[in-house]
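Everything on this sheet refers to the single structure shown next.
The values are calculated or read from the model by the stated rules, or taken from the named source; none is laboratory data. Remember, it's a predicted structure, so these values are computed and weren't measured experimentally. Heads up, the Cβs are rebuilt from the backbone with ideal geometry, glycines too, and the neighbour counts pull from every protein chain shown.
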Amino acid sequence: MKRNYISQAVQYLVGEQETNDPYRLARQLGIQVDEHPFRGRIRGMVLNIAGQVTVILNANLPGWLKRVVLAHELGHLVLSPKGYGYFWLAEHTLMESKTEYEAHRFAAELLSWDETPEEDETLEQFAARVGVPVEMMRYRGPYENDLAYQVDAKGNCPKTNRSCRC
Ligand SMILES: [Zn+2]
């Protein structure tokens, strides 16, 4: 199977930065990571203030989920074709569900980097082992299926403003 552009982006990033840990990646890319006790379903958001990109994670989330959300936000930042400035435009124009799919898939591939399911391991078990929600793991290369485009239908990421609420 041909590796798609998201797999390639993950491969390039991990190769260049020598880590698949989202916190280390953020640090090495000059992205600040902060936390705020958001209420409601907001899991995280990205701010770009005068060129300083900050990812703010919901402080109420468990640690493993913060890691997933950070990986997702890194996906938005890395995959944005015209750099961080363009990111905001992309978040509230026509590409919304595509950008969400891309960021989910990026996160799944990044967090399960170098890991493959054991022979008798179910997708659920594999996802739990690498710390990725099973729904997100379905976005990963070999498991990719038609569900991939149903992100918005679940209402996970209402894109009504410039904040990412995935
Ligand atoms: Zn998102």
*For the range 85-139, list the helices (runs of 4 or more DSSP H) that sit wholly inside it and hold at least 1 residues that are modelled with pLDDT of 75 or more, surrounded by fewer than 22 Cβ atoms within 10 Å (Cβ to Cβ) and within 11 Å of the ligand (Cβ to nearest atom); which are they?*
96-111
*In this structure, is Pro22 under 20 Å from Met136 (Cβ atoms) and touching a residue at least 24 places away in the same chain (Cβ under 8 Å)?*
yes
_Residue that is nearest to Val132 (Cα to Cα) [pool: residues in the range 51-64 that are of a type in the set (Gly, Ala, Ser) and modelled with pLDDT of 85 or more]_ = Gly63
*In the range 32-47, what residues are in contact with a strand residue (DSSP E or B) (Cβ under 8 Å, 6 or more places away or on another chain) and within 15 Å of the ligand (Cβ to nearest atom)?*
Phe38, Ile42, Arg43, Gly44, Met45, Val46, Leu47
